[in-house]
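Written out below as structure tokens is the structure these notes cover.
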Amino acid sequence: MPDAYYFNRELSWLDFNSRVLAQAEDAELPLLERLKFCAIYASNLDEFFMVRVAGLRDQVAAGITKAPPDGLRPLAQLAAIRDQLDLQIDRLERVQHDVLLPMLADEGIDVLGWDELSEDERKVANGEFEDRMFAVLTPLAVDPGHPFPYISNLSLNIAVLVADPDSGQHRFARVKVPPTMDRLIEVADNRFVPIEQVIVANLDQLFAGMKLLGGWPFRVTRNADLTLDEDADDLLEAVEMELRRRRFGRAIRLEVTHDIPPEAYELLVRELDLEDDGVFIYRGLIDSTAFWQLQALDRSDLMVTPTGGVVPARLRDVETSQDFFARVRHADVLLHHPYESFGASVTEFIGHASRDPQVLAIKITLYRTSGDSPIIDALIHAAEQGKQVAALVELKARFDEQNNITWARRLEDAGVHVVYGLVGLKIHTKTTLVVRDEPDGLRRYCHIGTGNYNPKTARIYEDVGLLTADRAVGDDLSQLFNLLTGYGRDVKYRRLFVAPHSLRTSLESLIDNETRAPVGEGHIIMKMNSLVDAELIDRLYAASQAGVRIDLIVRGICCLRPAVEGLSENITVRSLVGRYLEHSRLFYFAHGGMVDATSTVNLAARETVEDLHELQQRGVERFYLGSADLMPRNLNRRVEALVRVDDEEAQARLAEILDVSLADTALAWELAADGSYHRLGGNVSAHDELEQLASTRSAQPAVAETDDRTRRPPATPGRIRRILPAIRSALG
């Protein structure tokens with residue numbers, strides 16, 4: 001395909017972060033919610049520089065000129081990124097300092113400069129300096145006898161200039177702001193001053209006898225992407241070594257205040273080996289992640305209160321492990337977080353498994369989790385009870401490597417079998433397998449999800465999961481875990497698509513099925529975080545040209561160009577950005593069962609040849625959920641899994657999620673053929689609708705049946721439909 005048919009990945013990501021920044025600019029949102037989005041924008045940008053910009057600079061330094069599918073070479077990408085960021089950072093500063101902070105002051109919450117403090121407030125700040133800061137601070141001189149100090153990644157620092165009172169010679173020193181202290185120092189009730197301004201006001205105490213010329217905050221971002229030796233004998237040791245190297249990665253970005261004098265500016269740029277295009281100048285506060293601190297204020301009137309998550313109706317009033325597993329055995333349970341409680345479903349599933357004497361084994365893949373996770377505690381308890389527990393820990397989960405190493409060692413110490421990822425692949429799939437001894441034999445209970453086993457992020461990330469006792473899914477997960485912990489090849493799965501082996505070809509086949517459907521009947525819906533893979537994009541273009549209707553819900557990066565006549569006029573792309581991070585990966589194919597009789601990939605996904613023959617006679621809808629975005633890394637270099645959802649009620653729930661997401665007008669941005677995003681600007685919020693639906697559903701009578709099922713009911717064609725008007729009517 002020509003270059004013009006694809007958007008650039010990095011610029012598409014910047015468009016996504018621009019939509020995050022737009023939340024801070026949205027006058028309809030509560031004030032502290034808007035400041036929170038300033039912090040989210042800044043945090044996102046930090047990671048973008050540490051990984052994506054760092055990678056581009058490495059390519060330029062290595063003389064690599066190869067362009068991605070969009071045709072933009074590394075040096076051109078860096079120039080385009082800078083142009084976009086100049087505009088975005090100007091927006092960030094305007095909304096923070098010209099709009100939000102004055103509005104905050106009107107609400108009785110002040111973030112002030114040193115010059116704005118009263119005498120009493122300065123006394124409080126100076127007392128904080130003397131009592132808590134002075135002894136911690138270490139001024140480091142730079143001169144022929146003192147080399148330029150190492151500036152750690154993302155640390156806040158102060159560039160200090162002093163003059164010798166005798167010779168008048170200027171000297172430079174660096175003071176690091178203590179990262180363990182609050183960024184905003186409270187000097188009176190709800191009145192704050194940035195810590196760096198307190199330090200600058202007291203610099204004379206650190207440089208006794210010298211003439212102080214001034215101090216100016218600055219911040220350095222470094223290359224923080226891991227470059228592992230895949231031939232290393234010990235993956236754990238290799239990751240730990242690379243984490244140590246990360247601290248000394250090349251400087252990628254320098255952030256300074258607008259009033260820094262040329263003398264200090266030029267020294268920093270020279271010593272950090274940067275050019276002017278790597279320097280970003282701020283007129284106000286450097287590092288907007290400081291505003292996270294204000295989220296702890298007791299001002300619920302200025303915030304959006306997130307849902308605590310209701311208990312899923314099928315799991316309500318569960319008193320024993322026997323009862324919990326009976327509910328899952330009776331019927332699949334589809335979970336939708338954060339609208340439905342992660343703690344009352346996934347955490348309880350693993351907790352019951354750890355305590356139930358009939359459970360023999362627990363196997364789980366862990367990509368990210370919180371350090372104090374009850375899931376880790378449950379796995380340790382299970383191992384201490386003599387159960388077989390295996391945890392596949394991905395040490396290469398970016399920026400969680402050290403955290404994963406720490407709790408993985410806790411698991412090992414308790415007797416858990418810990419597998420530290422795979423050489424050349426990241427284990428990104430979100431799966432748990434529980435083996436239980438029951439009167440009729442061993443039964444396997446499974447959880448397959450789209451999100452990490454992290455109770456903290458589960459409160460703000462939108463994700464979907466499936467609890468099931470289906471025999472085919474249990475067989476597939478057993479095969480997958482055996483492959484990951486041992487050896488194997490050419491594994492066949494009945495209900496799973498697994499990367500890097502079959503996921504790509506299976507998705508290609510499903511897209512081709514829609515392309516072969518009668519004109520006007522093909523329909524594909526995909527919901528994901530990112531769409532980058534050029535081969536699958538080309539497949540979607542071909543389907544669009546054949547008349548297939550394609551609705552894409554892509555929160556972040558989208559390299560596909562929609563609405564181009566003769567190419568993609570049947571494709572729509574929308575992005576939802578709101579109080580919850582859209583994170584689920586869902587896939588719908590209206591004719592997923594219309595397969596080629598010679599397709600071994602699809603045959604492997606059918607239970608019998610008779611099923612295959614039946615499916616060839618009529619189109620059968622297919623729903624999938626799982627861990628994979630459509631990016632080359634997910635399809636080629638990660639272990640991912642999508643599960644086919646066959647349970648009718650679970651299918652209806654997925655249809656509901658997709659329909660509500662497609663009907664949203666409040667959070668949705670639509671992508672145009674020219675690459676611009678346009679906010680729809682209506683009042684139908686998917687987050688509000690789904691929250692209401694979860695609450696209504698939870699109030700329904702709990703399911704108490706405990707009889708087993710041996711076969712799921714077949715999918716029914718025509719389930720996807722525009723149901724939102726009926727939903728809204730039912731909810732009043």
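The values are calculated or read from the model by the stated rules, or taken from the named source; none is laboratory data. Predicted model, so just to flag it, every value in this text is computed and none were measured. Note that each Cβ is placed from the backbone with ideal geometry, even for glycine, and that neighbours are counted across all protein chains shown.
Taking segment 622-663 as the range and being in a loop (DSSP other than H, G, I, E, B) and either within 21 Å of Leu335 (Cβ to Cβ) or among the small types (Gly, Ala, Ser) (or both) as the test, the residues that pass are Ser627, Ala628, Asp629, Asp646, Asp647. Residue-level analysis places Arg327 outside the set of residues that are modelled with pLDDT under 95 and basic (Lys, Arg). Considering Leu87, Leu100, the condition of being touching a Leu at 6+ places or on another chain (Cβ under 9 Å) and not in a strand (DSSP E or B) is satisfied by Leu100 alone.
Give the residue that is farthest from Gly215 (Cα to Cα), with candidates limited to residues of segment 83-106 that are surrounded by 15 or more Cβ atoms within 10 Å (Cβ to Cβ) and charged (D, E, K, R). Filtering first and then ranking leaves Arg91.
Do we find that Arg132 is surrounded by fewer than 18 Cβ atoms within 10 Å (Cβ to Cβ), without any contact (Cβ under 8 Å) to a residue 60 or more places away in the chain, of a type in the set (Lys, Arg) and not assigned by TED's automatic domain parsing to the domain that holds Leu32 in this structure?
On the way: surrounded by fewer than 18 Cβ atoms within 10 Å (Cβ to Cβ): yes; without any contact (Cβ under 8 Å) to a residue 60 or more places away in the chain: yes; of a type in the set (Lys, Arg): yes; not assigned by TED's automatic domain parsing to the domain that holds Leu32: yes.
Yes.
Every test in (1) crowded, with 16+ Cβ neighbours inside 10 Å; (2) closer than 19 Å to Asp143 by Cα is passed by Glu196 save one, and that test is (2). Of the listed requirements (1) under 26 Å from the mean Cα position of the chain (by Cα); (2) in a helix (DSSP H, G or I), Asn452 misses just one: (2). Summed over segment 455-485, the residues that are in a helix (DSSP H, G or I) and not β-branched (Val, Ile, Thr) give a count of 15.
Being in a strand (DSSP E or B), of a type outside the set (Phe, Trp, Tyr) and out of contact with any Ser or Thr (no Cβ under 7 Å at 6 or more places or on another chain) is the requirement here; does Val136 meet it? Before you say what the answer is, go through the steps one by one.
On the way: in a strand (DSSP E or B): no; of a type outside the set (Phe, Trp, Tyr): yes; out of contact with any Ser or Thr (no Cβ under 7 Å at 6 or more places or on another chain): yes.
Spelling it out, it is not the case that Val136 is in a strand (DSSP E or B), of a type outside the set (Phe, Trp, Tyr) and out of contact with any Ser or Thr (no Cβ under 7 Å at 6 or more places or on another chain).
Name the helices (runs of 4 or more DSSP H) wholly within segment 248-367 that hold at least 1 residues that are within 26 Å of the chain's Cα centre (by Cα) and in contact (Cβ under 8 Å) with a residue 60 or more places away in the chain? Once the helices (runs of 4 or more DSSP H) in segment 248-367 are filtered for at least 1 residues that are within 26 Å of the chain's Cα centre (by Cα) and in contact (Cβ under 8 Å) with a residue 60 or more places away in the chain, what remains is 348-355. Against the numbered list (1) closer than 30 Å to Thr305 by Cβ; (2) at pLDDT 85 or above; (3) touching an Asp or Glu at 6+ places or on another chain (Cβ under 6 Å), Asp332 comes up short only at (1).
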